[in-house]
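The values are calculated or read from the model by the stated rules, or taken from the named source; none is laboratory data. Because the structure is predicted, anything quoted here is derived from the model rather than measured. All Cβ positions, even for glycine, are placed from backbone atoms using ideal geometry, and neighbour counts span all protein chains on display.
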Amino acid sequence: MNTLLDRAEQLDCPKYSKPKFEKAVREIRTLTVLPPEEFEPQIQKLCWEAGVVLVLVPSIKKAHVSGVARWLNPHKALIELSLYGKTNDRFWFNFFHEAAHILLHDKENIFLDEWDSGESLKSEQESEADQWSREFLIPSEYEGKLAELKSKIDVIDFAERIGIHSAIVVGRLQHDHLIDPSWMNGLKVGLHFQGIE
């Protein structure tokens, strides 16, 4: 992992641009419907062009770390995502959560995020990044519709209407206790990136 971090620090990329990164994350949201071999090079490129290095790392046994956001220098940010959980709903929520730290929070902090660390233990900035990611993936104007989704067909239609992968909708329904955690997991996709276990 240190080798990846060393490479990220040495990687030459354009200076960070908040407007470019905001545009990039909007475009990246549309990529959630693609398989990993298609979206991975595109998100790497879109982040890089905005001055954000995206590094994907294997999950560490018995560690529930899902991601890290930090600044490598005043002009270059880093998002490091672990494949902990390895399903696309978690991956995308984590990506946008880390993107929120880069967009919203100061450059001095390092944000190390654990999956399901417990709402009561979260800092204000972590809660803000969670809320931003939730809202960015499923805008609040659609929140009332979530409780109406009772079947896989409903979920797929709703996801298509708002332009995201159906797994993200399932993850949200499970997180909000609108469906049982064992329901509709067949809509989730296990992620495998080349060279990362």
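At a glance:
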item: Meets criteria (surrounded by 13 or more Cβ atoms within 10 Å (Cβ to Cβ), closer than 24 Å to Val57 by Cα and either in the same structural domain as Phe39 (by TED's automatic domain parsing) or in contact with a Leu (Cβ under 8 Å, 6 or more places away or on another chain) (or both)) for Leu191; result: yes
item: Any hit, the stretch 109-120, residues being under 19 Å from Val33 (Cα atoms), of a type outside the set (Val, Ile, Thr) and buried (at least 19 other Cβ atoms within 10 Å of the Cβ); result: no
item: Conditions (1) more than 18 Å from Arg134 (Cα to Cα); (2) under 11 Å from the mean Cα position of the chain (by Cα); (3) crowded, with 23+ Cβ neighbours inside 10 Å: number failed by Glu80; result: (3)
item: Where Gly51 falls short, out of the listed (1) under 19 Å from Val33 (Cβ atoms); (2) in contact with a Phe, Trp or Tyr (Cβ under 8 Å, 6 or more places away or on another chain); (3) modelled with pLDDT of 95 or more; result: (1)
item: Number of the condition not met by Ser82 [criteria: (1) within 29 Å of Ala159 (Cα to Cα); (2) in contact with a strand residue (DSSP E or B) (Cβ under 9 Å, 6 or more places away or on another chain); (3) at pLDDT 95 or above]; result: (3)
item: Filter result for Arg172 (surrounded by 13 or more Cβ atoms within 10 Å (Cβ to Cβ) and either without any contact (Cβ under 8 Å) to a residue 12 or more places away in the chain or at negative phi (or both)); result: yes
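Conditions tested, residue by residue: (1) more than 19 Å from Val170 (Cβ to Cβ); (2) at pLDDT 95 or above; (3) assigned by TED's automatic domain parsing to the domain that holds Asn73; (4) in contact with a Leu (Cβ under 8 Å, 6 or more places away or on another chain).
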{"residue": "Arg90", "(1), (2), (3), (4)": "no, no, yes, no"}
{"residue": "His101", "(1), (2), (3), (4)": "yes, yes, yes, no"}
{"residue": "His105", "(1), (2), (3), (4)": "yes, no, yes, no"}
{"residue": "Glu108", "(1), (2), (3), (4)": "yes, no, yes, no"}
{"residue": "Trp115", "(1), (2), (3), (4)": "no, no, yes, no"}
{"residue": "Ser120", "(1), (2), (3), (4)": "yes, no, yes, no"}
{"residue": "Gln125", "(1), (2), (3), (4)": "yes, no, yes, yes"}
{"residue": "Trp132", "(1), (2), (3), (4)": "yes, yes, yes, yes"}
{"residue": "Lys145", "(1), (2), (3), (4)": "no, yes, no, no"}
